[in-house]
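In what follows, a structure is listed as structure tokens, so that the remarks can point back to it.
Read-outs: derived from the displayed coordinates by stated rules, not from any lab. For clarity, every value in this text was computed on a predicted model and none was experimentally measured. Methodologically, a virtual Cβ is constructed for each residue, glycine included, from the backbone with ideal geometry; neighbour enumeration extends over all protein chains shown.
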Amino acid sequence: MGHVSIEGLCKEYVERRRQARGYYAQPMATQGATLQVLRNIDLEVEDGELVCILGPSGCGKSTLLRVVAGFEDASAGRVVIDNTQVNGPSPHHIFVFQHSGLLPWMTVWENAALGVRRMRDRTVAAKKIQDAIGVVELNGFERHYPHQLSGGMQRRAELARALVVNPEILFMDEPFAGLDYLTRLKLREEIVNMHELLKKTILFVTHDIDEALVMADRIVVLSDRPAEILLSQPLATPHPRDFGKNQELGEFRKRLYRLLEVHFAV
Ligand SMILES: Nc1ncnc2c1ncn2[C@@H]1O[C@H](COP(=O)(O)OP(=O)(O)OP(=O)(O)O)[C@@H](O)[C@H]1O
Ligand SMILES: [Mg+2]
């Protein structure tokens, strides 16, 4: 179960600044100003679909994910997941944040174990945790705390925690940010394989057009802020995808670059 229906979603933030005092105080010109971030977003995500969301920096991708996951309220419109309107976060949905969401006072193992803390059979739980840690290649670092890991290793630990849970919906906000290229390629493959096997609904935000092309069942492109949907295109090409050889995919890639106003790469 993981059908997501986004209906006429709008989100705006109202600036509420305290008047600062002293030398560095800034004039309060923007007090009460509204920043419109999302405008009329309509999107249907099928159960088991892997949707990659692309868009310029600051357009509202993270905001969209947070509203859909129930961490923030919509200003207008609504989100319905499996016939129930979203009013807050759900334990059946896992969010992998753009910035580290690891608990700093817990080891890699303990962080990963959070997802299976209610599982009665501790042997099965331990196997799930060890498998996930193995997938992200953190074997040997189980007892390390987040501050003892590199940035890339922290992201991998976070992915392990998500894989352990086996959630109905996975919200991933640039989960590979800060990872080296080879690790990114490997994790992409892991996620695609996991998705083909488990068919979980995944909403995946990325800046990387090629990443979206090799992973997605559907690519959604957002405009500059206030973000509107410029394109919502299903991709049926089987994996592994080679946009160098597949002409149709190559043309679509060029279109995505143009939509995102990156002309030099075309
Ligand atoms: N809690 C908040 N309060 C006020 N404004 C916010 C808040 N969160 C985000 N914004 C504003 O909303 C806009 C969209 O932010 P968001 O983080 O969703 O962008 P993004 O598309 O994820 O960007 P990036 O690609 O850089 O991660 C930005 O202008 C940001 O300043
Ligand atoms: Mg973001």
Residue-averaged 222 nm ellipticity for the chain, from DSSP H runs of 4+ at -39500 (n - 2.57), nearest 500: -9500 deg cm²/dmol
Diffusion constant of segment 43-259 at 20 °C, which comes from Stokes-Einstein with the Kirkwood Cα-pair radius and 1.002 mPa s, µm²/s: 119
Radius, Kirkwood style, for segment 1-149 when every pair of distinct Cα atoms is counted (Å): 18.8
Taking the chain and dividing mean pair separation by its residue count, relative contact order in percent (alpha carbons under 8 Å, at least six apart): 25
Dipole magnitude of the chain about its Cα centre (Cβ charges: Lys, Arg +1; Asp, Glu -1), debye to nearest 20: 800
Ranked packing of 213-226, 123-136, most packed first, by mean Cβ within 10 Å: 213-226, 123-136
Per-pair calculated FRET efficiency, R0 = 41 Å: ASN87 and THR237 via Cβ, rounded to 0.05: 0.65
Residue-span extension gain [GLU72 to LYS254] - 0.36 nm each, minus C-alpha spacing: 62.1 nm
Exposed-site-free run, longest, the chain (rule: chymotrypsin sites (Phe, Trp or Tyr not before Pro); DSSP loop; at most 12 other C-beta within 10 Å): 106-263
Sparse-neighbourhood loop sites, GluC sites (Glu not before Pro) in segment 163-266 - DSSP loop, at most 10 other Cβ within 10 angstrom: GLU261
More than 20 angstrom apart: percent of Cα pairs within segment 123-239: 46
